[in-house]
1. Go ahead and estimate [θ] at 222 nm for the chain from helices alone: -39,500 (n - 2.57) per DSSP H run with n ≥ 4, summed, over the residue count, rounded to 500.
2. Ranked highest first by average number of other Cβ atoms within 10 Å, how do 101-108, 10-17 line up?
3. Could you give the dipole magnitude of the chain about its Cα centre, charging the beta-carbon of Lys and Arg +1 and that of Asp and Glu -1, in debye to the nearest 20?
4. Please tell me the relative contact order of the chain in percent, rounded to the nearest whole number, where contacts are Cα pairs under 8 Å and at least six residues apart.
5. Based on the Cβ-Cβ distance of ALA95 and PHE50, what FRET efficiency does E = 1/(1 + (r/R0)^6) give at R0 = 35 Å, to the nearest 0.05?
6. Of the accessible area of segment 55-116, with the probe set at 1.4 angstrom, what percent is carbon plus sulfur?
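The values are calculated or read from the model by the stated rules, or taken from the named source; none is laboratory data. Values in this document were obtained by computation on a predicted structure and should not be read as measured data. Every residue, glycine as well, gets a Cβ built from its backbone with ideal geometry; the counts of neighbours run over all protein chains shown. Areas reflect the complete protein model, heavy atoms only, side chains present, ligands, DNA and RNA absent. Shrake-Rupley method; radii C 1.70, N 1.55, O 1.52, S 1.80 Å.
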Amino acid sequence: MRLTQVLQPQLCLSFSKVARYLGIPESMIHRIEHWPHQLFVHRTDRGGQFVSYRAFAEWAEACAKSIQACADLPMLDWLGEIIKRECQQFRYPEAVLETWRQLWRQQHYQLRTTRP
C-alpha cells in the first residue's frame, strides 16, 4: 500500500488552493479529479494538467493527523513503514520529516504506556 491510498480520502483541496499553486485564476479550473496518486486538473485554457498531492501543505498535515490517529501499535508500525518507503521514494523538507518523526515517537510512547 502507498501513502496516497492512506491519505487521499483525507485530502480536501479547493479550487482556490490548486489555482494558487498553479499560478492561475480559479476561473480557469473547470474541475478537479482526485486520482489515486495525483490530481488531474481540467483547465479551461489548455486541457488537463497533473499535480502531485505532495505539492500541498495539506499532504503533510494529513500524514501528521494519520500518525496521531493511530489507535494501536501494529497500526502505527504499519503506517511508519509506509511513510518510510514514501520518504525513500520522494524528497521532503527536513522540517516535515522531523515533525513526522516526532509525532510518531510521541504516539508510539503514548500507545506503549497506555496499553492494558
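1. Working: 5 runs with 63 residues, N = 116.
Roughly -17000 deg cm²/dmol at 222 nm, from the helical runs in the chain.
2. Result, highest mean Cβ count within 10 Å first: 101-108, 10-17.
3. 80 debye
4. With pairs under 8 Å counted, the relative contact order is 22 percent.
5. 0.85
6. Working: 2220 of 4100 Å².
So the carbon and sulfur contribution to the accessible surface is 54 percent.
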